[in-house]
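Below: the structure, in structure tokens.
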Amino acid sequence: MLHRVIIAAETVGSTGVSTLSIAQILGVSERNNRRDQVTSAVMFLNGWCLQGIEGRRPDVDRVVSRLSADRRLKNLRILVDKPIKARSFAEPMSFCNDPRGMLAAVHLADLAEVTANHAERMIELKQAA
């Protein structure tokens, strides 16, 4: 059975701000996710990170444990944790390059305000695009 977990967290320092930090995160995450057969999508904006992770329960839990221990993130919240019938993320690691547009589509001004409903709606919009 597949599971989806969506987390929101504050970022520390230049995490998710600089092109270099984003490239490093995406590169390592893609390699790890391929190895673990996990798919994922991430967005960064104004000191916040939103990440959806899909895969088998033990693999998703392992990723969430790594994220919980990552010093580049703080105040991690799990917004969604549920079984799913099929994956919504096709790639091991994808990146939202228009977080402001995505937030506007769900009527949010900031990632700090994101709820489970907002996060699920963003996934629906991503699939529809």
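Net charge of the neighbourhood of residue 84, taken over other residues with C-beta under 9 Å away and scored Lys/Arg +1, Asp/Glu -1, is +3. Sequence-ordered 3J(HN,Hα) estimates for the range 22-32 from the Karplus curve with 6.51, -1.76 and 1.60 and θ = phi - 60° stand at 5, 4, 5, 4, 5, x, 5, 5, 4, 4, 5 Hz, glycine and proline given as x.
Most tightly packed first, judged by the mean number of other beta-carbon atoms within 10 Å of their residues, the peptides 113-122, 1-10 read 1-10, 113-122.
The range 67-129 and the range 8-37 have Cα centres spaced 14 Å apart.
Please arrange 126, 74 by how many other C-beta atoms lie within 10 Å of their C-beta, fewest to most.
Listing 126, 74 from fewest to most nearby Cβ atoms yields 74, 126.
Note that the range 39-52 has calculated 3J(HN,Hα) couplings of 10, 7, 9, 9, 9, 10, 6, 6, x, 10, 10, 10, 9, x Hz, one per residue in order, obtained from phi through the Karplus relation 6.51 cos²θ - 1.76 cosθ + 1.60 (θ = phi - 60°); glycine and proline are x.
Computed from the coordinates by the stated procedures, all read-outs in this text should not be read as laboratory data. Quantities reported herein were computed from a predicted structural model and do not represent experimental measurements. Quick reminder, even Gly has a Cβ in these numbers, built from the backbone with ideal geometry, and neighbours come from all protein chains shown.
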